[in-house]
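What follows is a set of notes on a single structure, which appears directly below.
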Amino acid sequence: MTNEEVRNSTEYIDAYARYIKSEDDKECRALLTENVSGDVPVPVLVESIVRTAWENDAILSRVRKTYFRGNLKVAFELTADPAYAHTEGTTAVTEESLTLGIVTMIPKNIKKWIRISDEAVAMGGETFLRYIYDELTYQIVKKLAAAVVGDIAALSESAGDTYVCGQKVTEAPGLTTFDHAFAKLSDEARNPVIIMNKLTYANFKDAYAAGNFAVDPFISLPVLFTSALPAYNAANDSAVYAIIGDLSGAQVNYPEGDGVVIKYDDLSEAEADLVKVVGRQYAAHGVTACNRFTLIAKPAAATT
């Protein structure tokens, strides 16, 4: 059997579940057909759970992913001259003046933990792994997606040496709001999407109905939903309530890979027959390209 086949076997799944509970990986290593340095590989089942969580998240499935160790510095174009047309025999064109900025991405641990009962611990290997990985991975991916949205919503309208910029429009939900925001995107924003709270979606649908369904307020773009942005009706004046842009302008770096590390504590609450299970993912996130996003902010209420 290949290592892939071993990792997909019931014996390995059960051994890995016991490894999480005991932190003794000897049984897992004994089952593998090749020596493995570092951490033992997760079962194919666990790998599939994590990958599915990634793919099912509409935001994180679209961002740029990298796997560089330590802090990551990403260069971006701060200012640059355009290209020039040159006729043969005439004066040489001006050399390009290019100024770069540097975004530094510093990883942090994203954690989620749950308590489970001794009865849940007694579940079989596959059932136990699905129980903890499904819940912890979902919550970690959800938190990371919210952090990426937060990075975008915090963009300044002008770039600096260490941070990129995005544009902004201040408008209430209307039939042409996203047209105005779309017009401010750079040419490099090739696959734009709309991001908003589901409750805000209803405000745009109201405008759509009021316009007798003549104009699509979403300009035929995919609409992604997140509670990381406030609903329009609940948002404060000047708060960003919607975003339009290309999510490839955001980046997530995984210094230790995109798996979820599980820690198991069966001692601190043993008197209550409870076990703590902690999920951890080490990641850095940020926006690394200028004008890939336009922020839509709530206008101040009219004074009477």
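Taking into account only those residues within the range 130-155 that are out of contact with any Leu (no Cβ under 8 Å at 6 or more places or on another chain) and within 12 Å of Phe293 (Cα to Cα), which is surrounded by the most Cβ atoms within 10 Å (Cβ to Cβ)?
Asp151
Determine whether the range 2-20 contains at least one residue that is out of contact with any His (no Cβ under 8 Å at 6 or more places or on another chain), of a type in the set (Lys, Arg) and open to solvent by less than 60 Å² (accessible area, probe 1.4 Å).
yes
Given (1) touching a helix residue (DSSP H, G or I) at 6+ places or on another chain (Cβ under 8 Å); (2) open to solvent by less than 40 Å² (accessible area, probe 1.4 Å); (3) part of a helix (DSSP H, G or I), where does Glu126 come up short, assuming only one miss?
Tallying (1) touching a helix residue (DSSP H, G or I) at 6+ places or on another chain (Cβ under 8 Å); (2) open to solvent by less than 40 Å² (accessible area, probe 1.4 Å); (3) part of a helix (DSSP H, G or I), Glu126 fails exactly one: (2).
Which of the residues spanning the range 103-115 are of a type outside the set (Ser, Thr, Tyr), out of contact with any Ser or Thr (no Cβ under 6 Å at 6 or more places or on another chain) and either closer than 30 Å to Thr162 by Cα or surrounded by 18 or more Cβ atoms within 10 Å (Cβ to Cβ) (or both)?
Correct list: Met105, Ile106, Pro107, Lys108, Asn109, Ile110, Lys111, Lys112.
Go over the candidates Tyr163, Tyr201 one by one and state the one that is among the aromatic types (Phe, Trp, Tyr), open to solvent by 40 Å² or more (accessible area, probe 1.4 Å) and within 30 Å of Gln281 (Cα to Cα).
Step by step, each of Tyr163, Tyr201 is checked, and only Tyr163 is among the aromatic types (Phe, Trp, Tyr), open to solvent by 40 Å² or more (accessible area, probe 1.4 Å) and within 30 Å of Gln281 (Cα to Cα).
Would you be able to say whether some residue in the range 188-201 is in contact with a helix residue (DSSP H, G or I) (Cβ under 8 Å, 6 or more places away or on another chain) and free of Cβ contacts under 8 Å to residues at least 40 places away in the same chain?
Within the range 188-201, one or more residues are in contact with a helix residue (DSSP H, G or I) (Cβ under 8 Å, 6 or more places away or on another chain) and free of Cβ contacts under 8 Å to residues at least 40 places away in the same chain.
Output the qualifying pairs, or none if there are none: Cβ atoms under 8 angstrom, residues six or more apart or on different chains, first residue in the range 114-126 and among the basic types (Lys, Arg), second residue open to solvent by less than 80 Å² (accessible area, probe 1.4 Å) and modelled with pLDDT of 80 or more.
Listed by first residue and then by second, the contacts come to Arg115/Glu269; Arg115/Leu274; Arg115/Val275; Arg115/Lys276; Arg115/Val277.
Under 8 Å between Cβ atoms, at least 6 apart or on separate chains: pull out the pairs that start in the range 94-112 with a residue that is modelled with pLDDT of 90 or more and end on any residue that is open to solvent by less than 90 Å² (accessible area, probe 1.4 Å) and basic (Lys, Arg).
Asn109/Arg280; Ile110/Arg280; Lys111/Arg280
The values are calculated or read from the model by the stated rules, or taken from the named source; none is laboratory data. From a predicted model like this one, the values you see are computed outputs, not experimental measurements. In this analysis, Cβ positions are derived from the backbone assuming ideal geometry, glycine residues included, and neighbour counts consider all displayed protein chains. To get the accessible areas, we keep the full protein, side chains included, count just its heavy atoms, and leave off ligands, DNA and RNA. Shrake-Rupley method; radii C 1.70, N 1.55, O 1.52, S 1.80 Å.
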